[in-house]
Every structure is written in structure tokens, then in C-alpha cells.
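The values are calculated or read from the model by the stated rules, or taken from the named source; none is laboratory data. A quick note: this is a predicted structure, and the numbers were derived from the prediction, not measured. We place every Cβ from the backbone using ideal geometry, glycine too, and count neighbours over all the protein chains shown. Remember, those area values only see protein heavy atoms, side chains included, never the ligands or the DNA or RNA. Shrake-Rupley method; radii C 1.70, N 1.55, O 1.52, S 1.80 Å.
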Amino acid sequence: MSEFCDVALAVPLDMAFTYRVPAEAAPVVGGRVLVPFRQQRMTGIVVELHDRKPSVTAKKIISVLDPAPVLDEKLLRLGRWIADYYLAPIGEVFRTMLPLTAEFKRSIGYRLKDAGQMTLHQAGTSGSSARSRRTPEEQAAEFRVLDYLVARSFEEDGLGVPHVSPLLRDVGTPPDGRELIREETLRSATRVTRAVLAGMVRKKWLAREDVSAPQDATRTVKIAALKTAEGKLNDNQRVLIDTLTGSGGRVPLETLQSLEVPRSTLGTLVRRGMVEIVEAPADFSVSRSKPRSAPFEFELNAAQKSALGRMCESVAARKFSGLLLHGITGSGKTAVYLAAMRGVLEGGRSAILLVPEIGLTPAVAADLHQIFGDEVAILHSALSDKERAEQWHRIKRGGARMVVGTRSAVFAPVADLALIIVDEEHDSSYKQEETPRYHARDIAVVRAKMSNAVVVLGSATPSLESYYNAKKNKYTLVELPDRVEQRPLPEVEIIDMRLEFQETGHEQVISRKLAAEIQDRIEKKEQVMVLLNRRGYSPVVLCRTCGKKLECRDCAIALTHHKREHKMVCHYCGYLAPVPKACVHCGSEYVYFLGTGSEKLEELLHGMFPQARIARLDRDTVRGHEDFERTLNALNEGELDLLVGTQMIAKGHDIHGVTLVGVVGADVALGLPDFRAAERTFQLLTQVAGRAGRGQTPGKVVLQTLFQDHYAVQYAARHDFIGFYEKELQFRSWMHYPPYSALANVLVRSDKLDDALQWSGILGKWFDSTRHEGVRVLGPAAAPIMRLKRDYRYHFVLKSPSREKLNATLRAMLAYAAQQKIPRTQVIVDVDALWLM
Ligand SMILES: [Zn+2]
Ligand SMILES: [Zn+2]
């Protein structure tokens with residue numbers, strides 16, 4: 001029996017904490033424990049059991065939550081790898097890996113102290129506390145709290161036996177009989193603010209205690225259960241009893257209540273002992289969607305069969321290998337993934353399929369259920385904490401061996417992992433933009449290595465890093481070079497918008513050519529998509545008098561005008577402001593709304609094609625997967641002629657009626673100070689072009705651009721991935737950017753400009769004064785978005801051909817920052833950063 005255990009807690013500190021193990025407790029490595037931490041209770045993961053006495057007195061763990069590990073040996077190892085690679089606190093890594101927050105309830109309680117009771121007593125005798133500087137309202141609030149607590153402590157049965165709520169029984173009642181009251185209860189009974197309670201704690205009138213505790217996260221439903229059908233019944237009672245007998249004696253209460261019978265009827269049956277109301281664990285509703293009319297079928301062409309063969313061979317070898325599946329848009333990658341997963345399932349092993357955020361629509365879920373039945377667990381962002389926890393336990397128990405999900409599904413606790421597939425591996429939603437800043441594609445590769453499994457990265461536009469790795473033989477390159485049924489890729493016509501301006505004499509949103517092509521498709525009853533990767537109505541509001549833009553209160557970002565909602569919106573923090581009638585800086589009335597977003601484009605198209613049925617797909621019209629799918633279904637069923645939208649319309653869906661894709665202003669990113677701008681633009685253009693001509697009729701793309709000579713535009717227009725890749729690699733190599741070096745962004749932020757400047761200055765001097773062989777440090781410089789969500793931001797960009805040297809430098813920098821008392825949360829280290837903004 002070990003005397004101590006080291007526990008990883010989800011706090012921003014790069015360490016585990018040592019606790020004493022009580023005699024009766026039996027914590028396990030990889031299991032959760034409840035521990036005291038700075039006047040709080042927290043759950044943590046046990047990372048080591050040992051007998052090394054720490055230099056300071058160790059506190060005792062409060063309780064052991066798991067008799068067996070929730071993170072097995074391999075996942076613990078993966079967590080340590082992530083903490084090391086991304087320089088992330090280990091406790092925060094484990095919290096991300098383990099979606100079990102629903103099983104722990106944070107809670108604070110208050111207890112009356114002697115001084116508090118005395119105050120109340122004195123107030124009762126003297127009538128006032130004269131020297132107080134508090135307002136009468138504050139005093140009244142405090143006395144409400146004291147009154148309530150005194151009354152609660154001695155109200156029961158006149159003998160002074162305190163009432164202890166069952167939830168708090170584990171906390172215990174102290175000998176003086178004063179009850180601990182939960183914060184929510186106390187505040188709702190006395191209508192006081194947290195600040196008032198905090199003040200009373202400072203005066204030692206109240207004691208504040210953390211009573212956070214694990215709880216049962218199983219979702220339950222109330223069920224009516226039939227005890228006996230014998231007895232005389234009236235008509236209403238007969239309806240209920242018949243419903244129950246017809247459903248095997250158990251029916252959800254909700255169902256009975258929806259019947260045309262008075263509510264009191266059920267109550268009568270319960271009193272007569274014929275029906276009992278019980279609670280039962282809720283079934284997990286696997287899918288809320290109806291299955292598709294045409295069920296999924298596996299009909300693979302020769303290239304698909306060959307790709308499937310390679311994947312199955314690798315799986316059968318039971319050792320690590322990586323495959324890059326480069327399949328052009330419309331080549332049928334998904335069918336190959338699903339066939340490979342079915343093979344894994346038939347072999348009795350497990351597989352994980354990662355999909356980008358937008359890819360998990362109800363229709364995809366329906367396909368998955370049709371193919372895998374109960375063996376599939378689907379993890380998406382719309383799950384509640386409880387549903388997520390439930391799915392996690394189901395996977396852990398072995399109840400679902402096929403896991404499909406977004407980013408964090410890479411941590412699914414499957415046993416005997418054979419295959420991980422990362423669909424659309426270039427998609428930036430795989431990168432988590434908060435601590436730990438991991439990239440799920442890269443974690444998939446590492447996890448596959450640790451599990452002797454196969455990883456498949458699939459895309460029509462692989463990331464430069466992945467394609468480079470394939471060329472260096474780190475991955476096997478498997479190609480699907482043709483569209484299914486030999487359909488041709490669409491012809492792309494480039495429209496130079498500078499020329500369009502010269503010829504027409506004014507700024508156009510839709511060129512004459514695109515307008516004519518749209519008209520033609522509408523007449524032929526074919527469908528059109530138009531991409532404009534910017535939402536809202538007008539992206540800029542400018543004053544013609546003083547020349548200033550209307551910016552967000554908290555960010556150095558122009559507010560976007562949203563016409564329908566009649567609001568100005570910050571797309572970075574969500575800040576809302578009224579639509580200005582005059583300039584907020586100088587009062588001038590000459591405020592101009594400039595530029596075009598998807599909302600305005602939709603309006604323009606309505607004006608140009610009044611007879612067309614038009615819908616829009618962007619984050620303002622899509623709140624969840626259901627909205628997304630409803631619009632796509634309408635397009636699929638031919639209920640729409642024209643779909644306008646942001647990059648959402650470019651993502652992997654398969655609509656056969658679309659024969660024309662218009663691209664409006666998709667090259668804005670090329671003007672941004674970001675070395676990945678060309679790659680992103682190429683990917684977006686290729687993906688959206690891939691939506692055209694997926695049915696019988698060949699497709700066409702009209703690509704409007706201000707950068708017609710840019711290689712990203714040119715190669716996308718020629719569907720030439722290899723050409724783009726060679727050119728872009730040259731640029732990356734000259735500039736020492738990934739994949740030729742490892743890169744990290746270090747961001748220093750504070751809501752006080754002085755702090756941000758001072759801290760970045762301190763770190764800048766340190767980088768200068770210490771030699772870091774083989775590591776280039778650029779900065780400090782103001783971040784391209786200098787202020788975001790109230791924080792002022794400065795950054796450093798570090799590059800090195802050696803990952804080890806880069807990480808050693810970052811680690812030393814963090815240690816120095818801690819020594820200089822720069823708060824850990826204000827220095828953000830983003831290893832393999834996707835955005836340098
Ligand atoms: Zn002005
Ligand atoms: Zn903002």
C-alpha cells in the first residue's frame with residue numbers, strides 16, 4: 001500500500017500534486033480522486049503511487065472516485081506525450097481527454113459562525129450598529145442572511161436537532177449544530193449577491209466551504225410500470241391500462257401524459273396500487289434523424305477497391321503504418337472509409353473516424369447507424385455533458401467499437417484499436433484553439449503508433465505537412481485520381497475583377513459573366529452555388545469626415561453590419577452595438593457602409609434574379625446541424641435554385657443538381673499576413689469547385705478574383721494539386737516555414753497595455769541574451785490583431801529545424817517567465833500554430 005499519490009489537476013501549472021493516501025482508501029493510477037486544492041475540492045487523475053515523503057506536508061485525498069482506471073496505460077502515455085509536445089499542463093490535458101465533467105458538481109456552502117450570531121443578537125438588543133460605513137441596503141441584506149441561517153439551524157422539532165439535507169450528509173454537521181447551506185439556496189432565499197456573502201466571510205460572520213462532490217451523471221426518465229390490470233376501470237383508466245399492457249407493462253410517463261386523459265387518472269391508478277412510477281436510466285437516443293430514403297450501398301470502383309485493399313492489408317499486419325489517401329473531390333473516399341471500418345468490426349477490433357465539425361450531419365449519422373447498428377458511438381458538439389459521459393462509458397465498456405466524432409473523439413477509450421481515419425485531414429477544425437492546443441490529426445498519428453494501429457489521412461487537398469510526409473515515405477500515398485463514374489472535373493473560368501472594374505466603370509460584386517451563367521442555369525432548371533467567405537451585410541463602416549472605422553469595444557476589429565438583425569457585430573468576440581446614424585468619433589452624419597458579406601450578396605441576387613428560389617448557408621442562418629442539413633436537403637430535392645454561403649457550402653457534401661459554382665471574393669485571405677494564406681485559399685477554391693458537376697451534367701466554375709496571377713488561384717483553376725504543392729514547398733523552404741521547420745507562436749497578453757508591453761519586453765530581452773543554437777526568434781511584435789477580447793497582444797514566432805531544440809527553448813522561456821512572475825495564463829504557447837493572427 002503506497003503512502004502517497006501524485007495527482008494531475010486541471011490547473012494552469014506544469015506539475016502534479018502530492019497527496020497522502022488515507023488507510024482505508026485505494027486509489028489507482030489512471031483513476032480519479034477528489035482532493036482539496038486551495039480552499040476548493042477538485043477531481044484529478046492519479047498519475048503515480050509512491051512512498052517518497054514530500055518536503056511539505058501533504059494533504060489527504062478526500063475520496064477515491066474510480067475503483068479502476070478511467071485512463072488506461074496507453075491513454076496516460078498519450079496524455080503525457082501531449083503535455084510534453086504542446087507544453088501544456090498535464091491536468092488540463094487529462095481534462096480534455098476525459099469528458100466526464102457531468103459526474104462532478106461544483107458547489108459552495110456557507111455556515112453561520114459565532115461572530116455572525118452575536119452580531120444578530122446585538123442588533124436585536126441595541127437596534128443598530130452605529131459605526132458601520134455600509135449602506136442601509138447592504139446592512140439589510142446581511143441581516144437577511146443571518147436571520148435565515150439562524151432560523152435554519154434551530155428550526156427542527158424544537159429540540160435544536162439540525163436538519164441536514166441528504167445531499168450534504170457526506171459533508172457532516174459540526175457539533176454546534178449549525179447547518180451548511182448551499183450558495184444557491186442561500187442566495188435564492190435571501191436575494192443577496194456573492195459580494196455580500198464574501199464581505200460577511202471576511203468579517204468572520206460566515207464560514208465558506210467547498211462542498212463539490214461527485215454525482216451520478218446517469219440520465220433518468222420516469223416510467224409508469226403496470227403492477228396489475230385486475231380491477232374495475234372507468235373509460236379513462238381503461239385507456240391508460242390498455243396503453244401499458246400494449247407496451248409490455250412499461251411506458252415513459254411523458255407518453256401517458258400526452259394521451260387525451262385527465263392527469264388525475266394516473267394519480268388514481270397509482271393510489272389504487274395498479275401502477276407504479278419508477279425511475280430508469282434513459283436510453284441513449286442514437287439518432288434523432290430518419291434514415292435516408294436510399295440506403296447506403298457499397299459499390300466500389302477499381303481505384304476504391306485498391307485503396308480499400310491497401311488499408312485492409314495494413315490493418316491485418318497489426319503494426320503501425322500511415323496512409324495518405326489523396327482522392328480528388330467526388331472520388332468516393334467516404335465509401336472506402338466505411339468499408340474499411342466494417343472490415344475492422346468484422347475482425348472484432350475497434351476503429352475511430354474523425355470528421356470536421358460541419359461534417360457530422362444527421363444524414364451521416366443515419367448512414368452510420370444503418371451500417372454499424374448499435375456498434376457505433378457518435379460524438380459531436382451538440383451532445384450535453386451527460387450524453388457525452390454516457391457515450392464515453394459505453395465505449396469504455398466495449399459497447400461501441402466504431403467511434404465517429406469530431407476532434408476530441410481521437411481520445412475515445414476503445415480497446416484493441418486497429419484503425420484511425422482522419423477525414424478532410426487538412427481541415428483547421430482539428431486544431432484546438434485553447435489549452436491544450438493539440439492537433440487531432442497529429443494526435444491520431446501518435447495514438448496509432450502507440451497502439452500498433454493504422455492511421456489513414458484523407459483529403460482532396462492534403463495539408464502541405466501531410467503530403468510532404470508522404471513524399472518522404474513517412475506515409476504511404478494512396479490516390480483516387482478520378483471521380484466516380486468517370487465524371488469530369490469542372491471547367492474553371494477566371495474573371496479578373498480589376499478588368500471588370502475598368503470596363504464597367506464601377507465596383508461589381510457579381511461580374512457580367514457570372515450573372516449571365518447564373519441566368520442560363522436558372523433557365524435550364526439547374527442549380528447554382530455562390531461562395532462569398534464573409535458573413536454579414538457590410539464588413540466595414542467608415543466615416544467620410546474623420547476617416548475612422550467603427551471598431552469593437554474590446555477588439556481591434558471592424559464591426560460588421562448585420563442588416564436583418566439590425567446590429568453591428570464583432571465576429572471575434574460577439575460584441576453587439578447599435579447601427580450608427582452618425583460617426584461615434586466625430587459625430588459626422590457621413591457614415592458609409594462598405595463591402596459585401598453573404599447577407600448582402602443574397603439580397604443582390606434576389607434583386608437580379610427575382611424568380612429564383614434562393615437560400616443562404618452561413619453561421620447566421622445555421623444554428624445547428626439540423627439547419628445545415630435542412631438547407632442542403634432542400635437543394636438536393638430541387639426546392640432551391642441558388643445557394644449562397646460562406647466556406648460552409650464548400651465542405652464535402654454531394655449535391656448532384658449543382659452545375660455552376662460562382663466564387664466571389666474567396667481570395668481575400670491572400671492579402672493577410674499569414675504564411676498559410678496561399679494554402680488555405682487553394683484548398684477553399686479546390687473544395688468549392690469540387691461541388692460542381694457531381695451529377696450527370698458536367699459542371700462549371702466562375703472564379704472572380706483580384707489576384708488572377710497568384711499561383712494559388714492559377715493552380716486551383718487547373719485542378720493541379722501537385723503543381724501547387726511544388727511551388728508552395730519552395731516558398732516554405734526559402735522562408736523556413738513548416739514543413740521545413742517546427743514553428744511555435746508565443747503570445748503575451750494582458751488587458752493592461754503596460755503589462756503586455758513590459759512582459760513581452762522582458763521575454764524579448766531574455767531571448768536576445770540567451771543563445772538558442774538553431775532556433776530563430778522573431779519579435780516581440782504587436783500581433784496582427786493587436787487587441788482581442790480586451791487583451792492587448794504581442795507575440796514571438798519561433799522556428800527551428802529541430803523540434804527538440806524548439807521545445808527546449810520554449811520550456812526554458814516558460815521557466816523564466818514564471819521566475820519573473822508573469823502569470824502562466826498570460827503567456828500562450830501555441831506549438832504548430834495554424835494562425836499567427
Ligand atoms: Zn468621424
Ligand atoms: Zn470584439
The condition of being under 26 Å from the mean Cα position of the chain (by Cα), surrounded by 17 or more Cβ atoms within 10 Å (Cβ to Cβ), within 16 Å of ligand 2 (Cβ to nearest atom) and among the hydroxyl-bearing types (Ser, Thr, Tyr) holds, among Thr560, Thr621, only for Thr560
Of the listed residues (Arg771, Arg718, Arg787, Arg776), the one being open to solvent by 30 Å² or more (accessible area, probe 1.4 Å), of a type outside the set (Asp, Glu) and touching a Lys or Arg at 6+ places or on another chain (Cβ under 6 Å) is Arg776
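Determine if region 439-454 includes at least one residue that is part of a loop (DSSP other than H, G, I, E, B) and of a type in the set (Gly, Ala, Ser).
Within region 439-454, the first condition is being part of a loop (DSSP other than H, G, I, E, B), and the residues that meet it are 451-453.
Those left that are additionally of a type in the set (Gly, Ala, Ser): 451, 453.
Yes; the residues of region 439-454 include at least one that is part of a loop (DSSP other than H, G, I, E, B) and of a type in the set (Gly, Ala, Ser).
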Residues of region 645-689 being open to solvent by less than 10 Å² (accessible area, probe 1.4 Å) and out of contact with any Leu (no Cβ under 8 Å at 6 or more places or on another chain), in sequence order, are Thr659, Leu660, Phe682
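Just to be sure I understand, how many residues within region 440-463 are touching an Asp or Glu at 6+ places or on another chain (Cβ under 6 Å) and farther than 20 Å from Cys312 by Cβ? Show your work before the answer.
Filtering region 440-463 for residues touching an Asp or Glu at 6+ places or on another chain (Cβ under 6 Å) gives 441, 457-459.
Going one step further and asking which of them are farther than 20 Å from Cys312 by Cβ, we end up with 441, 459.
Going through region 440-463 one residue at a time, the tally reaches 2.
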Any hit, region 565-586, residues being touching a strand residue (DSSP E or B) at 6+ places or on another chain (Cβ under 7 Å), more than 16 Å from ligand 1 (Cβ to nearest atom) and of a type in the set (Lys, Arg):
yes
Picking from Val584, Val591, the residue that is in contact (Cβ under 8 Å) with a residue 24 or more places away in the chain, of a type in the set (A, V, I, L, M), within 16 Å of ligand 2 (Cβ to nearest atom) and farther than 18 Å from Arg787 by Cα would be Val584
Only one of (1) more than 30 Å from Tyr794 (Cβ to Cβ); (2) open to solvent by 70 Å² or more (accessible area, probe 1.4 Å); (3) within 16 Å of ligand 1 (Cβ to nearest atom); (4) among the aliphatic types (A, V, I, L, M) does not apply to Val591, and that is (2)
Selection from region 97-119 of residues surrounded by fewer than 18 Cβ atoms within 10 Å (Cβ to Cβ) and either of a type in the set (Gly, Ala, Ser) or under 20 Å from the mean Cα position of the chain (by Cα) (or both) yields Thr101, Ala115
Exercise. Somewhere in region 547-556, is a residue over 34 Å from the mean Cα position of the chain (by Cα) and closer than 16 Å to Glu602 by Cα?
Worked result: no
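Check Thr621, Thr545 and return the single one that is more than 16 Å from ligand 1 (Cβ to nearest atom), polar (S, T, N, Q) and out of contact with any Lys or Arg (no Cβ under 7 Å at 6 or more places or on another chain).
Details: Thr545 fails: more than 16 Å from ligand 1 (Cβ to nearest atom).
Answer to the check: Thr621.
Just give me the residues in region 534-555 being within 10 Å of ligand 2 (Cβ to nearest atom) and open to solvent by 40 Å² or more (accessible area, probe 1.4 Å), in sequence order. Give the steps one after another, and end with the answer.
Applying the first criterion (within 10 Å of ligand 2 (Cβ to nearest atom)) to region 534-555 yields 551-555.
Those that are within 10 Å of ligand 2 (Cβ to nearest atom) and open to solvent by 40 Å² or more (accessible area, probe 1.4 Å): Glu551, Arg553.
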With the first residue restricted to region 534-555 and required to be more than 25 Å from Arg793 (Cα to Cα) and in a loop (DSSP other than H, G, I, E, B), and the second required to be open to solvent by less than 80 Å² (accessible area, probe 1.4 Å) and within 16 Å of ligand 2 (Cβ to nearest atom), Cβ contacts under 7 Å at 6 or more apart or on different chains are Gly536/Thr560; Gly536/His561; Gly536/His562; Gly536/Val569; Tyr537/His561; Tyr537/His562
Please verify whether region 598-606 includes one or more residues that are open to solvent by 40 Å² or more (accessible area, probe 1.4 Å) and either within 16 Å of ligand 2 (Cβ to nearest atom) or part of a loop (DSSP other than H, G, I, E, B) (or both). no
Across (1) among the hydrophobic types (A, V, I, L, M, F, W, C); (2) more than 15 Å from Gly595 (Cα to Cα); (3) within 16 Å of ligand 2 (Cβ to nearest atom), Met529 clears everything bar (3)
Residues of region 444-471 being open to solvent by 20 Å² or more (accessible area, probe 1.4 Å) and of a type in the set (Val, Ile, Thr), in sequence order, are Val446
Test for Arg521: is it within 30 Å of Thr334 (Cα to Cα), within 16 Å of ligand 2 (Cβ to nearest atom) and open to solvent by 10 Å² or more (accessible area, probe 1.4 Å)
no
Reported set for region 750-774 where residues are closer than 29 Å to His439 by Cβ and in a helix (DSSP H, G or I) is Ala756, Trp759, Ser760, Leu763, Gly764, Trp766, Phe767
Here the qualifying pairs (Cβ atoms under 7 Å; residues six or more apart or on different chains; first in region 450-477 and more than 16 Å from Ser428 (Cβ to Cβ); second of a type in the set (A, V, I, L, M, F, W, C) and open to solvent by 40 Å² or more (accessible area, probe 1.4 Å)) come out as Asn452/Phe320; Ala453/Phe320; Ala470/Leu477
For region 563-581 the number of residues that are open to solvent by 90 Å² or more (accessible area, probe 1.4 Å), within 11 Å of ligand 2 (Cβ to nearest atom) and part of a loop (DSSP other than H, G, I, E, B) is 1
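How many residues, within region 249-271, are open to solvent by 70 Å² or more (accessible area, probe 1.4 Å), not charged (D, E, K, R) and not in a helix (DSSP H, G or I)?
1
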Within region 787-837, residues part of a strand (DSSP E or B) and touching an Asp or Glu at 6+ places or on another chain (Cβ under 8 Å) come out as Arg787, Leu788, Asp791, Tyr792
